[in-house]
Amino acid sequence: LLPMYVSTVDSGNLSGHLIAVAQACLEWATEAGDANGQGARLRALARAFEALAWEPDFGFLYHRKRHLLHIGYRVAELQLDAGFYDLLASESRLTSLLAIAKGDVPVTHWVALGRPFFAVGATAGLRSWSGSMFEYLMPSLVLDEPPGSVLRDACRAALHEQMAFGDAHQVPWGISESAYSGRDHTLAYQYTPQGVPRLALRRTPADELVIAPYATALAAQIAPRRARQNFDALEWLAVRGPLGFIEALDFTPGRRIGSEAFTPVGTFMSHHQGMTIVALANVLQGGVARRWCMANAH
């Protein structure tokens, strides 16, 4: 797709999830044995997936003086993006760990990631750039961030703030980057970072309020009962159809139609549907995707 762009975070996510799938194939091969050659085929797939996972070179995205990863690379201009991923509470931390494990970047990179702490009751929270559920919980799909760790506490604090923000505005909780009800000349929905202001370092527009159901699925990994209750609240608003929950509910006053409380963003993003499936699999299958990824010795 034009303009061609190498995305740091998406490259890391691809590699991380390929590692998880490779391990899944190995587990299934053990269960299958050699019946009809299925075990051999699964082991061959595992080797291919893992080889592909370690193929990218993340080193060219790394700034040696700032010890940070650029957001990406503009192919046509042969130019690194001017922005950096500079926070620990970021969707790019899976990429950071992979790049370190692979030897493409030094361990110094992990130390250089910013940790702006703040208190949520007795818990230490970490601020992210936009305050989205995606930044905090997307890497947790395949990374085991154990109880008592800074990242697990930060994710719990972020969820607490998300719930409090929803309660304060009398809407279901769950704000994350998503499409919203604005459209371009082709009638395609537009997409933007969304987050809770208290969690965010960026300036969040005061009247912006978009709820993304996939954020609830991500939160189910750490608070499954509260997530179930929130899904019930979303379903009561009639935003679930044959393909699942729609992309988002736009409560922003300036974009409402008539007297309706919100404008439905009636589209589906495969990325968000996919994260929903993996998150719910983790909840129902004892963290299965995390176990697959963390089983890799690197």
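The values are calculated or read from the model by the stated rules, or taken from the named source; none is laboratory data. Not measured: the values here are computed from a predicted model. Reconstructed Cβ throughout: ideal geometry from the backbone, glycine too, with neighbour counts over all protein chains shown. These accessible areas exclude ligands, DNA and RNA; they are computed on the full protein's heavy atoms, side chains included. Shrake-Rupley method; radii C 1.70, N 1.55, O 1.52, S 1.80 Å.
ALA89 passes every criterion in (1) touching a strand residue (DSSP E or B) at 6+ places or on another chain (Cβ under 6 Å); (2) open to solvent by less than 40 Å² (accessible area, probe 1.4 Å); (3) without any contact (Cβ under 8 Å) to a residue 40 or more places away in the chain apart from (3). Number of residues in the range 244-279 that are among the polar types (S, T, N, Q) and out of contact with any strand residue (DSSP E or B) (no Cβ under 9 Å at 6 or more places or on another chain): the value is 2.
Those strands (runs of 3 or more DSSP E) of the range 37-135 in which 2 or more residues are modelled with pLDDT of 95 or more occupy 68-70, 72-74. Screening SER176 against (1) surrounded by fewer than 21 Cβ atoms within 10 Å (Cβ to Cβ); (2) within 21 Å of PHE118 (Cβ to Cβ); (3) of a type in the set (Ser, Thr, Tyr) leaves a single unmet condition, (1). Of everything in the range 185-236 that is open to solvent by 40 Å² or more (accessible area, probe 1.4 Å) and of a type in the set (Ser, Thr, Tyr), the residue that is nearest to SER132 (Cα to Cα) is TYR191.
Summed over the range 145-164, the residues that are over 12 Å from ALA219 (Cβ atoms) and either of a type in the set (Asp, Glu) or open to solvent by 40 Å² or more (accessible area, probe 1.4 Å) (or both) give a count of 8. Of everything listed in (1) in contact with a Ser or Thr (Cβ under 7 Å, 6 or more places away or on another chain); (2) within 14 Å of LEU137 (Cβ to Cβ), the single unmet condition for THR216 is (1).
Looking only at residues of the range 17-36 that are of a type in the set (Val, Ile, Thr) and at pLDDT 95 or above, we find that the one that is nearest to MET275 (Cα to Cα) is VAL21. If the condition is being of a type outside the set (D, E, K, R) and in contact with a Ser or Thr (Cβ under 8 Å, 6 or more places away or on another chain), then the range 154-177 contributes CYS155, ALA157, ALA158, HIS160, PRO172, TRP173, GLY174, ILE175, SER176. Residue check: ARG291 meets all listed conditions (1) closer than 17 Å to GLN162 by Cα; (2) surrounded by 15 or more Cβ atoms within 10 Å (Cβ to Cβ) but one, namely (1). Just so you know, in the range 238-268 the residues that are of a type in the set (Ser, Thr, Tyr) and in contact (Cβ under 8 Å) with a residue 60 or more places away in the chain include one that is most open to solvent (accessible area, probe 1.4 Å), and it is THR267.
Of all residues in the range 41-60, those satisfying the criterion of being aromatic (Phe, Trp, Tyr) and open to solvent by 40 Å² or more (accessible area, probe 1.4 Å) are PHE49, TRP54, PHE60. Elements of the type strands (runs of 3 or more DSSP E) sitting completely within the range 165-252 and holding at least 2 residues that are among the polar types (S, T, N, Q): these cover 178-183, 189-192. For the range 55-71, the condition holds for at least one residue, the condition being that it is of a type outside the set (Lys, Arg) and under 17 Å from the mean Cα position of the chain (by Cα). Counting residues in the range 180-187 that are out of contact with any Lys or Arg (no Cβ under 8 Å at 6 or more places or on another chain), β-branched (Val, Ile, Thr) and at pLDDT 95 or above gives zero.
Within the range 35-89, the set of residues being among the charged types (D, E, K, R) and either farther than 14 Å from THR8 by Cα or touching a helix residue (DSSP H, G or I) at 6+ places or on another chain (Cβ under 9 Å) (or both) comprises ARG41, ARG43, ARG47, GLU50, GLU55, ASP57, ARG64, LYS65, ARG66, GLU77, ASP81, ASP86.
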